[in-house]
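K.L.:
The following block contains the structure, expressed as structure tokens.
The values are calculated or read from the model by the stated rules, or taken from the named source; none is laboratory data. Small disclaimer: the values here were computed from a predicted structure and weren't measured. When we count neighbours, we look across all protein chains shown, and the Cβ atoms used for this are built from the backbone with ideal geometry, even at glycine. Areas reflect the complete protein model, heavy atoms only, side chains present, ligands, DNA and RNA absent. Shrake-Rupley method; radii C 1.70, N 1.55, O 1.52, S 1.80 Å.
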Amino acid sequence: MNRARTLLTVAFAFVVLCGREAVDAAATPAAGAPPDTAPAPTEPGQVILIQNATVLTVSHGAIEHGSVLIKDGKIAAVGQSIKAPEGAQVIDASGQFVIPGIIDCHSHIAIDGSVNEGSISVSSIANIADVLDSDDIDIYRDLAGGVTAANVLHGSANAIGGQTIVIKLRWGQPAEKLPFEGAMPGIKFALGENPKRSNFRAPGEARYPTTRMGVEETIRAAFTEARDYKKMWGDYSRRAAAGEKNLIPPRRDLRLEPLVEVLEGKRYVHSHCYRADEILMLLRVAKEFGFKVRTFQHVLEGYKVADEIAAAGAGASTFSDWWAYKVEAYDAIPYNAALMTKRGVVVSVNSDDAEEATHLNQEAAKSMKFGGLTHDEALKLVTLNPAIQLGIDKRVGSIDAGKDADLVVYNHDPLSAYAVVQKTLIDGRVYFDRQRDIAERADREKEKKALLEKEKKAGEAGKEKPAEKKPAEAKPAEKKPEEKKPPEKKTGEKKPEEKPKPPSVERSTSPAARSAGTRLALPGGGL
């Protein structure tokens, strides 16, 4: 979506952008395609040691001249005095910084086709997992920005949208290898202008709801059905367990089953929202039906109701400094993330955009200026906090022994505008290497040109040549039939009377004649 940035951010943007020319040139892959496959997979038992780096653990401070030992895709040890085991691959990160992989809590990358099933108001049947696209180039580009995991969401066209999935950005792997193993599935809700569609009209008839109260009642009605559906299956299961014979199971409803999972705490709710009143509305509905809102997404007026969000145990995943790009975003402020953090809300900063995800480290840094967060608090906005929101913090989000080796190596402090990703690792495997990327650009450009030339030649060869016309063979002269001479008139024979011809009338083109529907005589008497 297009978002207009207000003048209040210009001063800070200038500071950030002063070093972006160099950053963009280094962090963004060349116009040619990236490597088709990632480096060779980590072999069982392979050991990697990243040493001599400033290790920003997020969970327990910074370690100067620190090392991270990786075994079998997991972090085996973190500290200053770690020696490389025999046969280990050593990555010298002298003068560089190592952080946990960045986690984007609101992403739409790796989706084949549209992100919205907008034909109905409750599209909980739709599932993003069914349309994951492992060939999406944005996976590689976001790796180049240090992103290792993303919460891939359905769009916001529905009060209750489709099912969502958390993925790891394993570029070069098939789609079935992208999902984050063991991560709780989610479902997308949306409040406000997008689901009510009152500020625009899609082709065809207006779709209910068209008001905010209609959005609320759509959600309430869906959960009323889901609660009844859950009870119906519960009754059936109890009777079956009691040994009752000849039971007929209830008819399955694939629209309601994801909502039953929400009621049972087996599926997270991630809700698009902006205004404070609709945030409070969803909290009331959730309390009424006994489920939790896991995250409010965007949540631009969250600072107004931060205490209520914290009391409900909900998280907030917001933008760094975007506002006024639509009517309901005019009360947004860049201090939102910091204010909610100080009120006890678990806050993350997300992208909602593939390009924005390439510099989420800088987006997090803005909260140090707007709101005075500490370095560690700002870094948590894109690492540990989104991991907590997605329920994957036991595996990722900080650099601790036993966690997945999802790591990023920067040449400068990651919250600096001059920081450029050098390496991105997922499960102890290097999926992005800046030096390797730069070294292979020339070869990839040659390969691209060769393939284009090959395609061009194949196209030219495939064109059908126009069939050559053979000279027509001379046909033998045909005898013309003899013309019959008119019979000679006998003298004294009378001529037959000629019938009178109908008068020749020209078609009138006058407006009067046309408007009167005058039927005009045509030559030969036709009407």
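K.L.:
Considering only segment 107-136, state which residues are under 18 Å from ALA149 (Cα atoms) and among the small types (Gly, Ala, Ser).
P.N.:
Answer for segment 107-136, where residues must be under 18 Å from ALA149 (Cα atoms) and among the small types (Gly, Ala, Ser): SER107, ALA110, ALA129, SER134.
K.L.:
Now a separate question. Kindly indicate the residue of segment 313-328 that is buried (at least 20 other Cβ atoms within 10 Å of the Cβ) and small (Gly, Ala, Ser) and also farthest from ALA378 (Cα to Cα) among those meeting that condition.
P.N.:
The selected residue is ALA314.
K.L.:
Ok, one more. Among LYS74, LYS83, which is under 22 Å from VAL382 (Cα atoms) and either modelled with pLDDT under 95 or of a type in the set (Lys, Arg) (or both)?
P.N.:
Just one listed residue meets the conditions, LYS74.
K.L.:
Condition (residue is at pLDDT 95 or above and surrounded by fewer than 18 Cβ atoms within 10 Å (Cβ to Cβ)) applied to segment 183-192: is it met by at least one residue?
P.N.:
yes
K.L.:
Kindly provide the set of residues from segment 74-110 that are open to solvent by 10 Å² or more (accessible area, probe 1.4 Å), assigned to a loop (DSSP other than H, G, I, E, B) and not charged (D, E, K, R), ordered by number.
P.N.:
Those that are open to solvent by 10 Å² or more (accessible area, probe 1.4 Å), assigned to a loop (DSSP other than H, G, I, E, B) and not charged (D, E, K, R): GLN80, SER81, ILE82, ALA84, PRO85, GLY87, ALA88, SER94, GLY95, GLN96, HIS108.
K.L.:
Going by the conditions given, is GLY113 at pLDDT below 95 and closer than 24 Å to THR295 by Cα?
P.N.:
In short, no.
K.L.:
Next question. So which residues in segment 215-238 are surrounded by fewer than 16 Cβ atoms within 10 Å (Cβ to Cβ) and of a type in the set (Gly, Ala, Ser), if there are any at all?
P.N.:
The answer is ALA221, GLY234, SER237.
K.L.:
Okay, moving on. State whether one or more residues within segment 374-389 are on the phi > 0 side of the Ramachandran plot and in a loop (DSSP other than H, G, I, E, B).
P.N.:
The answer is no; no qualifying residue exists.
K.L.:
Have a look at ASP353, ASP331, ASP307 and point out the one that is under 17 Å from GLU193 (Cβ atoms), open to solvent by 20 Å² or more (accessible area, probe 1.4 Å) and either in a helix (DSSP H, G or I) or modelled with pLDDT of 95 or more (or both).
P.N.:
Just a single option satisfies the conditions, and that option is ASP331.
K.L.:
Of all residues in segment 77-102, which are within 30 Å of ALA357 (Cα to Cα) and either in contact with a Cys (Cβ under 6 Å, 6 or more places away or on another chain) or among the charged types (D, E, K, R) (or both)?
P.N.:
ASP92
K.L.:
Looking at (1) in contact (Cβ under 8 Å) with a residue 12 or more places away in the chain; (2) closer than 25 Å to LYS423 by Cβ; (3) out of contact with any strand residue (DSSP E or B) (no Cβ under 8 Å at 6 or more places or on another chain), find the lone condition where GLU356 falls short.
P.N.:
Unmet condition: (1).
K.L.:
Just give me the residues in segment 372-406 being closer than 21 Å to ASP92 by Cα and within 23 Å of the chain's Cα centre (by Cα), in sequence order.
P.N.:
Selection gives ASP406 alone.
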